[in-house]
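The values are calculated or read from the model by the stated rules, or taken from the named source; none is laboratory data. Remember, predicted model here, so these are calculated numbers, not experimental data. A quick note on method: Cβ atoms are made from the backbone with ideal geometry, for glycine too, and the neighbour counts reach across all protein chains shown.
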Amino acid sequence: MNSIKKEDTKFILYPYPFNYLDNNNEEKNVTNGGFFSLNDSLLNGGKFKYLQNISSVQIGKAKGIYDIDIAIMSLNYVYKGKETDLFTEAGLFCDYFVNQLNKLSSCLDGKNEYLEYKSYYPNKGAVVRVSEKDILNETLFDSESGQLKFKLLIFSDYLTGNEETILNEYINQEAREIIKQFRDLGGHIITSGKSGYLLELMGLLPQGTYDNSITIHTKNKESTNPIYGCENIYKNSPIVL
């Protein structure tokens, strides 16, 4: 992953499950997708055809991996007397980029840290936690030139039942319009967990895309990772196991 360069890639990401045949002609299953090298010595000429022959991978759905600037939505909020991030998985995304990809020493916090970092490393990608104030402060793109500063905006899973808090107290109509402009200028947005529903409420996805009438969770007694903030929701919602 350290070979990744800005606007130039030797890797593609296939973020979908797929099956493949190993060297012993046994079928294997990959549930979380994977990375493929574009190194000429590994994949040239008909190698893509070979990959498709031994697997269910659809190369046309793969994504290039560039050393781009990535924004992760982060909103500080006091929940049950404790300061937390309304986007509860924002920290997990930061940890992934810092510890798993080995590209950064830290996840930057806000526009000021981002600008300072870029003054030293103008050609190196940054991963930045951005607040609603950063969104309003021309952090994602330059409003005059329309030039994108970030290529990807991530909405991680959020604290259950806080849609109105997020959209009324933080991401107001002006911020939503900026996010739409970011999308229209060619910026990419990805979500995890329930946050796709937020995009629907913001008008970035068609109404009815998400069904929010049921709550899905597990009753496994051995579970050590309950969903934070869902305690009361579970009591009043239909449950699918």
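Scan segment 95-114 for residues that are surrounded by 14 or more Cβ atoms within 10 Å (Cβ to Cβ) and at pLDDT 90 or above and jot them down.
Result: Cys107, Leu108, Asp109, Gly110, Lys111, Glu113, Tyr114.
Can we say Ser56 is under 29 Å from Asn162 (Cβ atoms) and modelled with pLDDT of 80 or more?
No.
Within the set of pairs 6 or more residues apart or between chains, which connect a residue that is of a type in the set (A, V, I, L, M, F, W, C) inside segment 32-45 to a residue that is modelled with pLDDT of 55 or more with Cβ atoms less than 6 Å apart?
Phe35/Phe11; Phe35/Leu13; Phe36/Ile12; Leu38/Lys10
Quick grid of which residues meet (1) in a loop (DSSP other than H, G, I, E, B); (2) buried (at least 20 other Cβ atoms within 10 Å of the Cβ):
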position	(1), (2)
Val128	no, yes
Lys133	no, no
Tyr158	yes, yes
Thr165	no, no
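Restricting to segment 86-125, give me the number of residues that are among the basic types (Lys, Arg), outside any helix (DSSP H, G or I) and closer than 25 Å to Gly196 by Cα.
Adding up the residues that qualify gives 0.
Counting only residues that are modelled with pLDDT under 90 and in a strand (DSSP E or B), which one in segment 1-29 is nearest to Pro122 (Cα to Cα)?
Only one residue tops the list, namely Lys5.
Of Gln52, Gln100, which residue is of a type outside the set (D, E, K, R) and not assigned by TED's automatic domain parsing to the domain that holds Thr191?
After applying the criteria, what remains is Gln52.
Run down Leu92, Leu86, Leu75, Leu140 and say which single residue is among the aliphatic types (A, V, I, L, M), closer than 25 Å to Asn162 by Cα and surrounded by fewer than 18 Cβ atoms within 10 Å (Cβ to Cβ).
When all the criteria are applied, what remains is Leu92.
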